[in-house]
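As structure tokens, the structure follows; a few thoughts come after it.
Bear in mind that the values in this text are calculations on the coordinates, not laboratory data. Since the structure is predicted, the reported quantities are computational estimates derived from the model, not experimental observations. Positions of Cβ are generated from backbone atoms using ideal geometry, with glycine treated the same way; all protein chains shown enter the neighbour counts.
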Amino acid sequence: MKRILIDYKKLDNKVVAILIDSYPDGYGDDDVITIKKPNGEVIEAVEVKTADIIYLVKISKSLSNFISNFEETIEKELDKELVVSDFEDDSFEGLEPTSDDLESEDQY
């Protein structure tokens, strides 16, 4: 199986979803893999497995923030989509424009 060391910002959406599902409450010390590069630099990562690739996602403070804020961010995005979709099927047929509406159109 192929192993790839990668920053979380470069993951595609499918792998990000697996990352979030794997560590919904964040990762702990037991989840961290330590890798020593040939130049002596030590990198810490968490493992995310797909059918054909094992991603070693580099740990950083921003990764921790990303995981902890992911659910909140998704909820905000879903709320935005919900608001937009609420108006997509609305019909404004038969409504008369007000004078305010006419004035605002002139500004375009």
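Packing, taken as the mean count of other beta carbons within 10 Å per residue, orders the peptides 1-7, 19-25, 42-48 from highest to lowest as 42-48, 19-25, 1-7.
Each of Ile54 and Glu75 was given a label point 7 Å from its Cα along the Cα-to-Cβ line. The distance between the two points is 3.5 nm.
What does the net charge come to around Val15 if you take all other residues with beta carbon closer than 14 Å to its beta carbon, with K and R at +1 and D and E at -1?
Working: positive: Lys2, Arg3, Lys9, Lys10, Lys14, Lys49, Lys58; negative: Asp7, Asp12, Asp21, Glu47, Asp52.
Charge balance near Val15 sits at +2.
Residues whose amide H lies under 5 Å from that of Ile59, counting only those 5 or more places away or on a different chain, are Glu44, Ala45, Val46; hydrogens are built 1.01 Å from N in the peptide plane.
Pairs exceeding a 26 Å alpha-carbon distance, out of Lys10/Lys76; Lys2/Lys76; Lys49/Lys76: Lys2/Lys76; Lys49/Lys76.
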